1. Looking at the stretch 26-42, I want the residues that are touching a residue at least 60 places away in the same chain (Cβ under 8 Å) and have a partner that is part of a strand (DSSP E or B) and aromatic (Phe, Trp, Tyr) with Cβ atoms under 8 Å, at least 6 apart or on another chain. Which pairs are those?
2. With the requirement that a residue be of a type in the set (Ser, Thr, Tyr) and either at positive phi or surrounded by fewer than 24 Cβ atoms within 10 Å (Cβ to Cβ) (or both), what does the stretch 180-196 give you?
3. Quick test for you: out of Leu205, Leu191, pick the one residue that is within 18 Å of the chain's Cα centre (by Cα) and under 20 Å from Arg141 (Cα atoms).
4. For the stretch 113-134, give me each residue that is free of Cβ contacts under 8 Å to residues at least 60 places away in the same chain and part of a helix (DSSP H, G or I).
5. Can you work out which of the residues in the stretch 156-175 that are touching a Leu at 6+ places or on another chain (Cβ under 9 Å) and of a type outside the set (A, V, I, L, M, F, W, C) is farthest from Arg112 (Cα to Cα)?
6. When the stretch 174-224 is examined, which residues are found to be hydroxyl-bearing (Ser, Thr, Tyr), touching a residue at least 24 places away in the same chain (Cβ under 8 Å) and closer than 23 Å to Asn151 by Cα?
7. Cβ-Cβ under 7 Å, sequence separation 6+ or interchain: first residue in the stretch 255-267 and exposed (fewer than 15 other Cβ atoms within 10 Å of the Cβ), partner assigned to a helix (DSSP H, G or I). Which pairs?
8. Considering (1) in contact with a Phe, Trp or Tyr (Cβ under 8 Å, 6 or more places away or on another chain); (2) on the phi > 0 side of the Ramachandran plot; (3) surrounded by fewer than 21 Cβ atoms within 10 Å (Cβ to Cβ), say which one Ile271 fails and leave the rest.
Amino acid sequence: MRILIAGVCFLLSNTDARAQGQDFVHERDYLFERMEATRPVNDEHDKGTLRLVTYVYRPVKNDRREVVVFSIGSTGGMIRSPKEPGEGPAPALIRFFVSRGYTLVVPQRRGRGESSGTYIEECAIFAGKCTSAEQLALGDRALREALLDTNAVIDQVVLGKIVPAQSKLLLAGQSRGGFLSLMLAGERPSLVKGVINFAGGWQSLQPSLSEAAFKERIDLHKPLLARAAKRYTGPSIWIYAVRDPMNREGAPQMLVDLWREAGGQAEYVSITEHSLPNPHVAITDASLWGRQLAAFLERL
């Protein structure tokens, strides 16, 4: 499991221009810049002003003047240092959106990548510095912090700067970031045009969990999904690949069902045919989901 999580982090961090391919080139096809938002904090970890570095990928051609806010995933229980550089979306996703004229905005949350502050979404469980129960106990606070960070970027970097203040946004994310996108849509439904959830979940639902532990984690997701789905009734697409080491068989469908039962709209895409060494990072291969996602965008 430790190797698999590390592989997720490595694959999702490799966002340099070379990974895009020579037919998708910086300054010819897209522009990149770093922007910043700030947020005051005063807790046991930090006091003062957080600096939230945000990566912005803009199209050179056919700019739609629309933004996709992409939320990154977790560190996999601190398998990877949150301060390691390169936190961003898979190159396939950058190319997918930017080549269609969307600007992709990628906030680095508190303590992640180049952003300042202490990373408090997870504890170092695989280093033996906390227990599974302690990791789960961080969930509510971690979600509140992630929402505060992302909202700061939206209000200070996106609205009124990249797009007009009254614009609607697309929210997207991978793993924990996919779940965060759903929660953000529930918090600010009038702002959201659609949600794109890749392999989303706030806590992992891996096959190795006991039945009791699995149920506990599903029960943690249930009220969060229900509350968000009651407020955000717009379109969403949920993309998962089978044999995902972070999701036991049937778990993604259970999360989708919880969302729908609360009144949310969800198109569920299950990728059953693939040769991915780690299906949790299906986001790295647009051939597996590009057609469905393009159709979803056309319907918005």
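The values are calculated or read from the model by the stated rules, or taken from the named source; none is laboratory data. Quantities reported herein were computed from a predicted structural model and do not represent experimental measurements. Note that each Cβ is placed from the backbone with ideal geometry, even for glycine, and that neighbours are counted across all protein chains shown.
1. Close Cβ pairs satisfying both conditions: Tyr30/Tyr57; Arg34/Tyr55.
2. Ser190
3. Only one candidate qualifies: Leu205.
4. Residues satisfying the conditions are Ile125, Ala127, Ala133, Glu134.
5. Here the residue is Gln166.
6. Ser175, Ser181
7. Hits for this filter: Gly263/Ala229; Gly263/Lys230.
8. Just one mismatch for Ile271, condition (2).
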